[in-house]
Amino acid sequence: MSELTRIFKDSIAHDGPMPLDTFMAVCLSHSQHGYYMTRDPFGVKGDFVTAPEISQMFGELLGLWAAECWTMLGSPDKIYLVELGPGRGTLMADALRAARISNEFSSALEVHLVETSPVLQEIQARALAQSPVPVSWHKSLEDVPDGPAIILANEFFDCLPVRHYVKAARHWHQRLVGFDTQGDLAFGLAPDPEPLLTMEAPDGAVLEISPAAQLMMTQLAARIAKGQSAALVVDYGYGETSYGETLQALKAHKRVNPLDCPGEADLTAHVDFAALTRAAQAAGADVFGPVTQGELLMRLGIAQRADALKKRATEDQACAIDLALARLVTERVGAAPGMGLLFKAIAIAPRGAPVLPGFRREA
Ligand code: SAH
């Protein structure tokens, strides 16, 4: 039995079944045995591959996006480039290299990384060892000092915990993690219905919400709303809230049962961009998008960037660049899924700000 399984069994035996979001938060962030706390999950040998790990073009274009936003925001003398959940630090390293295109922007920059995992913090420090601008780390966005900021979050919101409510016998019940008759971890429903959930839906419908994601977006948008700031959130998810569950556990690129190996599989859920948009607007900010990742990267000039890179590439390298481009912007690459359509982006800006690069007024 894994350490976390033992910890969960102990906790449930003493305190009763726990909500799914508590289970998910502990699986990912337990200080000793949490998934992100103990490993580098990225790459072919890891559990998943993210856009900045596919190609340098992704981080470069986001760096140029940040530089353009800085100009649109009135070129403040000092600006924080903040990244939430920076993984291996690849995106930030690529973004900073591209940002050197503007001396003024580079010299206004200070990098602030929000990361809970000590293992990944160390990898990020190595990736950014040559950074021409100062870099510091924080455990939460609230620890980043006040001031103009451009905030990037790629595949961050999908790992914030979700809660499930299931319609059963015409009432909504929260899904809990408890025991089955053999004493193994199992999903069940809270016996009492949720009195405040009254939406009509057929029995068996699942409502998936992420209070943690909404809280994070509220804090982020409240910062942006103060002015001279902007954020870009890219993730897999859906543009309109609907019923259905998307929680998934991935281990070595394969789906596994989330209860089977707590702390050893990546647990994520698709991002509800409509819910994030509502949270940001309620906190006083404007939201642009969602647009698909494919659309965003094409509008930011990824095809031209790929051509420029290919001019200096060998034939093999040129093929690799084409393949990376296809993975980032299209829906399918041969039999494999691409990121172009499932992944989406929203931008958050102060109320009344001009439309940010890559977005349109309506989408
Ligand atoms: N943005 C990176 C990594 C995505 S994985 C990329 O695109 O490659 C998610 C990242 O978020 C990891 O770095 C993980 O350690 C971090 N993370 C997860 N939950 C977090 C939280 N609550 N606060 C800060 N960082 C978190």
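The values are calculated or read from the model by the stated rules, or taken from the named source; none is laboratory data. As the structure is a computational prediction, the values presented were derived from the model and not from experiment. Note: ideal-geometry Cβ built from the backbone for every residue, glycine included; neighbour counts use all protein chains shown. The protein model used for the area step is the full one, side chains on, heavy atoms only, and it has no ligands, DNA or RNA in it. Shrake-Rupley method; radii C 1.70, N 1.55, O 1.52, S 1.80 Å.
Details
- Taken together, the criteria exclude Ala95 from residues that are small (Gly, Ala, Ser), at pLDDT 95 or above, away from the ligand (no atom under 16 Å from the Cβ) and open to solvent by less than 30 Å² (accessible area, probe 1.4 Å).
- Residue tally, condition open to solvent by 30 Å² or more (accessible area, probe 1.4 Å) and touching a residue at least 12 places away in the same chain (Cβ under 8 Å), over the stretch 119-128: 6
- Look at (1) farther than 20 Å from Asn154 by Cβ; (2) in contact (Cβ under 8 Å) with a residue 12 or more places away in the chain and you find that Val256 fails only one, number (2).
- Boolean, Pro195 is at pLDDT below 95 and not hydroxyl-bearing (Ser, Thr, Tyr): yes
- Within the stretch 203-225, the only residue that satisfies the criterion of being acidic (Asp, Glu) and closer than 13 Å to Asp21 by Cβ is Glu208.
- Positions within the stretch 99-140 being within 13 Å of the ligand (Cβ to nearest atom) and over 12 Å from Gly87 (Cα atoms), in sequence order: His112, Trp137, His138, Lys139, Ser140
- Restricting Glu240, Glu194, Glu245, Glu200 to residues that are more than 22 Å from Ile7 (Cα to Cα), acidic (Asp, Glu), out of contact with any Gly (no Cβ under 7 Å at 6 or more places or on another chain) and surrounded by 15 or more Cβ atoms within 10 Å (Cβ to Cβ) narrows the list to Glu245.
- Of all residues in the stretch 212-221, those satisfying the criterion of being of a type outside the set (S, T, N, Q) and surrounded by 15 or more Cβ atoms within 10 Å (Cβ to Cβ) are Ala212, Ala213, Met216, Met217, Leu220, Ala221.
- Some residue of the stretch 316-328 being buried (at least 16 other Cβ atoms within 10 Å of the Cβ) and assigned to a loop (DSSP other than H, G, I, E, B): no
- Candidates Ser136, Ser106, Ser131: the one that is touching a residue at least 12 places away in the same chain (Cβ under 8 Å), assigned to a loop (DSSP other than H, G, I, E, B) and more than 18 Å from the chain's Cα centre (by Cα) is Ser131.
- Selected residue (only one of Val166, Val162 is open to solvent by less than 20 Å² (accessible area, probe 1.4 Å), within 16 Å of the ligand (Cβ to nearest atom) and of a type in the set (A, V, I, L, M)): Val162
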